[in-house]
Every structure is written in C-alpha cells, then in structure tokens.
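Q: Okay, here's the structure, questions in a sec.
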Protein chains: 2
Amino acid sequence: MKFRRSERLIDMTNYLLEHPRELVPLTYFAEKYGSAKSSISEDLGIIKETFETRGVGILKTVPGAAGGVKFYVLVGKEEAVALIEELCNVFESPERLLPGGYLYLNDILGNPTIVRKVGRVIASAYAKSDIDAVMTVATKGISIAYAVAGFLNVPVVIVRRDPKVTEGSTVSINYVSGSTKRIQSMVLSKRSLSEGARVLIVDDFMKAGGTINGMIDLLQEFKASVAGIAVLVESEEIEERLVDNYISLVRLSNVNVREKTISVSEGNFFSRINF
Amino acid sequence: MKFRRSERLIDMTNYLLEHPRELVPLTYFAEKYGSAKSSISEDLGIIKETFETRGVGILKTVPGAAGGVKFYVLVGKEEAVALIEELCNVFESPERLLPGGYLYLNDILGNPTIVRKVGRVIASAYAKSDIDAVMTVATKGISIAYAVAGFLNVPVVIVRRDPKVTEGSTVSINYVSGSTKRIQSMVLSKRSLSEGARVLIVDDFMKAGGTINGMIDLLQEFKASVAGIAVLVESEEIEERLVDNYISLVRLSNVNVREKTISVSEGNFFSRINF
C-alpha cells in the first residue's frame with residue numbers, strides 16, 4: 001500500500017506526538033509507507049517547520065546510520081504565559097481557600113485539558129534533561145505527574161503515606177513536615193525505582209517543602225538522584241523554605257483564611273527557564 | 001500569514017488529537033489559516049480518511065451553520081487485540097503475585113505508554129456514550145482514569161479512603177468489601193460532582209466488586225448515574241460478583257499464591273464491544 005504525502009504527514013504527526021523523546025529511524029517511516037528515505041526526509045522537514053512555527057515542539061535530526069528523528073515537546077513563551085495567567089485567574093477565587101491556608105484544587109487537577117497544558121509546560125522545561133522517571137506523592141500530584149511523564153516518555157513512581165498490600169515490599173522513611181513540624185512517614189515500593197535513576201519530582205502544592213524534602217531523602221535510599229523539582233503552586237508564607245532548586249508556575253501570598261483573601265501571582269518559572 | 005495544505009494538515013491533526021469530542025467549527029480552522037472553507041473541508045476529508053485507515057479514530061462531520069467536525073478516538077480490533085495480548089504476557093509473570101491474590105501492577109500503571117494504550121482502548125468503547133466524568137478510587141486506578149478521561153475530554157473525580165483537608169467538605173459512605181466482607185468507607189469531595197452527571201467508573205483491579213459497588217452507592221448520594229464500568233484486570237476466583245455490567249481487558253484465574261502460579265486470559269472486552 002502506497003501513501004500520498006498528505007496521508008504520511010498526518011500519520012507521522014500522530015506517531016511523533018505519541019512517541020516523544022524516542023529516536024525514530026527514517027527507515028521505520030520509509031518501510032511503513034513504502035516510500036523512499038528522501039521523501040520521508042522532506043516530510044520530516046515540513047513537520048519540523050510546522051511544529052516549530054506552531055509551538056508544538058522541536059524535531060531533532062540525529063544523522064548517521066543509527067540516526068533518525070526525535071520529537072521534543074517545547075512550548076513557546078506565549079503558551080506558558082497564557083497558561084500561567086489562566087491558572088492565576090482560576091486560583092484567585094476566594095471560595096478555594098481551605099482551613100490551614102490550603103487551596104481547593106481538585107477541579108483543576110481533575111481537568112484533563114488544564115492538566116495536559118501544565119504537563120506540557122513543565123515537560124518543556126526538562127525536555128532535554130536526562131530524566132528516567134517522574135516521582136510524586138499520592139494523591140493530588142498524580143495527574144500532573146502523569147501528564148509530565150507522558151510528554152517526557154518516562155515512568156511515574158508514586159510515593160504513598162502508608163504501605164498497601166498491592167505495593168509488595170516497600171522502603172519507608174520518616175520526615176518532618178516543614179509547616180506543621182510533625183513527623184510523618186512515606187513509603188515507596190522497592191521494585192519501583194532502579195539504582196542511579198535520575199528523577200524529576202513533581203507535586204501540586206508546596207508550602208515549606210517538607211514533603212518534597214522527604215522525597216529527596218527517599219531517593220537517596222534508592223541511590224537515585226534528583227533531576228529537577230517542579231510544583232504547580234507554591235505558597236509564599238514560609239519562614240524557611242526547605243527546598244531550593246525548584247520551578248513553580250503559580251505563587252500564593254497574603255493568604256488570609258479568616259477574611260478569605262488571597263493573592264496569586266506567577267511563580268518563579270520565567271526566572272528559571274529561558275525562552 | 002498563509003498556510004500551505006501540508007502545514008494545515010499537520011497543525012489540524014495536532015489540534016484534533018488534543019481536542020477529542022469537541023465540536024470544532026470549520027470557520028475556526030478557516031480563520032486560523034486564512035483559508036477558504038472549501039479548502040478546510042478538503043483537508044478534513046484527507047484527515048478523516050487517514051485517521052480511519054490508520055486506526056487513529058473517526059472524524060464526524062456535523063452539517064449546518066452551527067456545524068463542524070468532532071474527533072472521536074476509536075481503535076481498530078487489531079490494536080485492542082495486540083494490547084490485550086501484550087497485557088496478558090506482562091501479567092503472567094509469577095513474580096507479580098502478592099499475598100491475598102493481588103498482582104503487583106505498579107510498573108504497568110506507571111508506564112505512560114501502556115497506560116495511554118489502555119486509555120485509548122477503554123475510551124474507544126465509550127467514545128459515543130454520554131459521559132460527563134470519569135470516577136476512580138485512589139490510588140492505583142488514577143493513571144488509567146486520567147488516560148481514559150483525556151481521550152473522552154471529561155474531568156476525573158477521585159474517591160478517597162479518608163478525608164483530607166485539601167478536599168473541602170466531603171460526602172462519606174460505608175460499604176462492604178466483597179472479598180474480605182469488612183466494612184470500609186470512602187469519601188468524595190462535595191464540590192467534585194454535579195447532580196445528574198453520567199459517570200464512567202474506571203479501576204485497575206476488580207475482585208468481587210465491592211469497591212466499585214461502593215462507588216455506585218456514592219454516585220447515588222450525588223444523584224449521579226453510572227454510564228459504564230471498566231477495569232483493567234478482573235479476578236475470576238469469586239463466589240459472587242457484586243457488579244454486572246462492566247468491561248474488563250484481562251482476567252486472572254487459578255491464582256495460587258503458595259505455588260506461585262496464575263492464569264491470565266483476555267477479559268470480557270470483545271464479548272461486550274462490537275468491532
């Protein structure tokens with residue numbers, strides 16, 4: 001079966017979007033469509049240009065016999081600005097305020113369109129980093145972690161507060177919550193991380209950073225390392241931040257639960273990521 | 001800025017894939033690319049044909065002034081067969097067996113490529129149903145629930161075992177676990193479901209179905225209804241199944257924890273879904 005260029009472009013676009021950061025040899029497409037490698041090269045040139053112009057991502061060509069193309073998600077600055085503005089507007093509603101200065105985020109974290117955009121923006125920031133897995137802690141960070149991991153094409157590892165039979169044997173650590181100063185524990189299934197893994201930590205909300213610090217400790221138990229830390233929202237009302245090197249999309253400040261007021265502004269994203 | 005057909009095809013493919021089950025007016029594309037509606041119609045014809053031939057999904061044209069196109073994910077039978085075979089092979093490994101006849105699934109549920117495929121196949125089965133939300137219970141079903149919800153373009157609602165401050169006020173119910181006969185409870189944030197919502201229940205593992213039954217009870221509390229039930233794995237060693245109308249991709253039987261043996265076969269998917 002022969003394919004016309006238009007059909008190839010559609011099918012290749014779909015294939016590349018579904019296989020980010022995977023090296024696809026030109027011969028794969030050439031055989032799939034019964035086309036000459038030169039035609040495939042031309043197709044990829046058109047896709048590359050359109051992806052870049054439209055802010056879908058970049059297509060990197062790896063030359064040589066073992067070469068091919070790799071698709072990386074990469075959002076443009078406008079897309080990131082638009083998303084962060086959208087998030088700020090949504091978060092600003094005072095009905096979101098919960099006791100303890102937390103925010104009700106379930107609707108945002110359950111909305112696949114927003115979560116996908118958040119995933120694209122965070123994944124963009126790490127698209128070219130060496131990352132073997134995304135780690136988060138159950139439950140609220142899970143949706144964002146999956147969205148990021150999908151764009152980076154790496155597995156998700158979920159830390160829990162308590163062990164469950166379905167986890168198999170686990171490694172457990174204690175850590176001190178940064179804001180309440182209470183001792184808490186977290187567990188990770190032994191089989192879920194391999195030694196030396198480079199791990200991107202993703203979470204929905206960071207106050208002092210105690211939970212994220214706990215995850216960093218847990219990584220040490222697995223002889224794994226931190227490749228990055230990204231949070232959707234950080235709260236600014238913190239005496240002492242336990243975590244340094246992170247990116248945040250949104251920042252909360254002036255949280256006043258009694259008067260139901262809150263200020264929302266962009267996080268440190270644009271000061272950490274160059275466009 | 002004018003767009004060539006090839007660029008339009010690439011960008012439209014990306015857009016449609018990112019907006020499943022959303023009515024996109026032809027004028028949206030016509031304005032985006034500065035093209036005549038007749039050209040856009042031709043483009044969509046090519047995309048429609050390629051999506052159908054390559055098993056990406058279907059493109060439905062809604063005629064009239066308020067019309068446009070809608071993309072539905074729809075996998076071909078071969079894709080579903082291939083996925084279910086892959087899952088059977090992966091699950092068969094006796095090292096996955098855990099005490100109580102559970103299976104270690106974290107690696108599968110954490111693998112975005114497999115989860116995406118599972119999501120595509122389950123979403124396909126419900127692509128044309130009226131569904132307003134996907135519901136699952138924390139923690140293990142969450143990845144599949146998000147994948148399904150992404151393809152159906154509806155929010156995810158997560159039931160928990162215990163209330164947390166970040167949920168706001170919650171509705172709690174008690175239910176009897178089908179296999180252990182113990183009384184357990186589950187909670188759902190009050191704000192997370194609206195009255196009358198039609199909900200697709202998704203979970204990773206079903207034994208007798210007590211947990212899923214609990215979710216059905218919870219839906220009644222919210223005056224919401226069950227639009228479908230889909231599980232990745234069902235275990236056959238059940239005296240009395242509490243749930244009837246469900247689809248499963250994989251079925252476990254002959255689970256022998258002491259001798260570490262297990263039989264894995266395809267679930268009821270192909271007897272429930274017509275291709």
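Q: Suppose the Debye formula is applied to equal point scatterers at every Cα of chain B; what is log10 I(q)/I(0) at q = 0.08, 0.14, 0.17 Å⁻¹?
A: Debye output, listed in q order: -0.39, -1.00, -1.30.
Q: Separate question: I need to check one value: relative contact order of the range A:18-94, counting alpha carbon pairs closer than 8 Å and at least 6 residues apart, in percent.
A: Taking the mean separation of contacting Cα pairs over the length of the range A:18-94, I get 32 percent.
Q: Once both labels are modelled 7 Å past Cα along the beta-carbon direction, what's the A:S271-A:V257 spacing in nm?
A: About 2.8 nm separates the two model spin labels.
Q: Every other copy gets compared here: list the nm distances from the B:A36 label point (7 Å along Cα to Cβ) to its counterparts, shortest first, one decimal.
A: Nearest first, the other copies' label points are 3.3 nm away.
Q: Follow-up question, since we're still on this one. If I stretch the segment between A:Q184 and A:R241 completely, what's the gain in nm (0.36 nm per residue apart, minus their alpha carbon distance), one decimal?
A: Value of the extension gain: 18.7 nm.
Q: Let me ask something additional. With both partners inside the protein assembly as shown, how many of the DSSP beta bridges are antiparallel, as a percent to the nearest 5?
A: Percentage antiparallel, nearest 5: 50.
Q: Looking at chain A as a GNM with Cα springs under 10 Å, which of A:V187, A:V176, A:V134 has the largest mean-square fluctuation?
A: The residue with the greatest mean-square fluctuation here is A:V176.
Q: Label the range A:6-99 by shape, choosing from rounded, prolate and oblate, from the square roots a ≥ b ≥ c of the eigenvalues of the Cα gyration tensor; if a/c is under 1.5 it is rounded, and otherwise prolate applies when a/b is larger than b/c, oblate when it is not.
A: prolate
Q: Along the charge dipole of the protein assembly as shown, Cβ charges K/R +1 and D/E -1, which of A:P99, A:P63, A:V159 sits furthest on the positive end?
A: Value computed over the given set: A:P63.
Q: Using all C-alpha to C-alpha distances in the range A:81-200, build P(r) with 5 Å bins and read off the rounded percent in each one.
A: Pair shares across the bins are 2, 10, 15, 18, 18, 18, 12, 5, 1.
Q: Taking 56 Å as R0, compute the FRET efficiency from the Cβ-Cβ separation of A:E52 and A:D162 and round it to 0.05.
A: 0.75
Q: Does the range B:20-157 classify as rounded, prolate or oblate by the C-alpha gyration tensor (a ≥ b ≥ c root eigenvalues; a/c under 1.5 gives rounded; else a/b over b/c gives prolate, otherwise oblate)?
A: Judged from the Cα gyration tensor, the range B:20-157 comes out prolate (a/c at least 1.5, a/b above b/c).
Q: Using only the Cα atoms of the protein assembly as shown, what are the Rg and Dmax in Å?
A: Final numbers for Rg and Dmax: 23.5, 69 Å.
Q: Can I ask one more? Going 7 Å from Cα along the Cα-Cβ axis for the label, what nanometre distances separate A:G67 from the same residue across the other copies?
A: Going from nearest to farthest copy, the values are 4.7 nm.
Q: Once every Cα of the range A:211-269 carries one equal point scatterer and solvent is ignored, give the base-10 log of I(q)/I(0) from the Debye formula at q = 0.15 Å⁻¹, two decimals.
A: Here the Debye-derived log intensity ratios amount to -0.54.
Q: Once R0 is set to 35 Å, what does the formula 1/(1 + (r/R0)^6) return for the Cβ-Cβ distance between B:E92 and A:T61, expressed as a FRET efficiency to the nearest 0.05?
A: According to the calculation, E is roughly 0.30.
Q: With an 8 Å cut-off on Cα pairs and a minimum separation of 6 or more residues, tell me the relative contact order of chain B in percent.
A: Contact order relative to length: 14 percent.
Q: Quick one: dipole size for chain B, taken about the Cα centre, charges +1 on Lys/Arg Cβ and -1 on Asp/Glu Cβ, in debye to the nearest 20.
A: Computed charge dipole of chain B: roughly 640 debye.
Q: How high is the relative contact order of the range B:111-194, in percent, counting Cα pairs under 8 Å that sit 6 or more residues apart?
A: Reported relative contact order: 24 percent.
Q: Mind listing the label-point distances from A:V171 to the same position on all other copies, shortest first, one decimal in nm, points 7 Å along Cα→Cβ?
A: Here A:V171 shows inter-copy label distances of 4.2 nm.
Q: Turning to a different aspect of this structure: Hey, which lysines would be in cross-link range of B:K223, C-alpha to C-alpha under 27 Å, not counting anything within fewer than 8 residues on its own chain?
A: The qualifying lysines are A:K140, B:K128, B:K140, B:K164, B:K181, B:K190, B:K207.
Q: Would you mind finding the longest exposed-site-free stretch of chain A, with exposed GluC sites (Glu not before Pro) meaning DSSP loop and at most 16 other Cβ atoms within 10 Å?
A: Value returned for the longest uninterrupted segment is A:93-194.
Q: Also, quick follow-up: Placing +1 at every Lys and Arg Cβ and -1 at every Asp and Glu Cβ, with all other atoms neutral, what dipole size does the range A:98-150 have around its Cα centre, in debye to the nearest 20?
A: Taking the Cα centre of the range A:98-150 as origin, the dipole is about 160 debye.
Q: Additional query: Which value, in debye to the nearest 20, gives the size of the charge dipole of the range B:211-275 about its Cα centre, when Lys and Arg are +1 and Asp and Glu are -1 at the Cβ?
A: Rounded to the nearest 20 debye, it is 200 debye.
Q: Could you pull the Cα extents of the range B:117-256 along its three principal axes, largest to smallest, in whole Å?
A: 43, 35, 23
Q: Okay, moving on. Over all alpha-carbon pairs in the range B:11-53, figure out the percentage whose distance exceeds 16 Å.
A: The proportion of pairs with Cα distances above 16 Å equals 32 percent.
Laboratory data are not the source of any read-out in this text; all were calculated from the coordinates shown. Fair warning: this is a prediction, and the values are worked out from it, not measured in the lab. Note: ideal-geometry Cβ built from the backbone for every residue, glycine included; neighbour counts use all protein chains shown.
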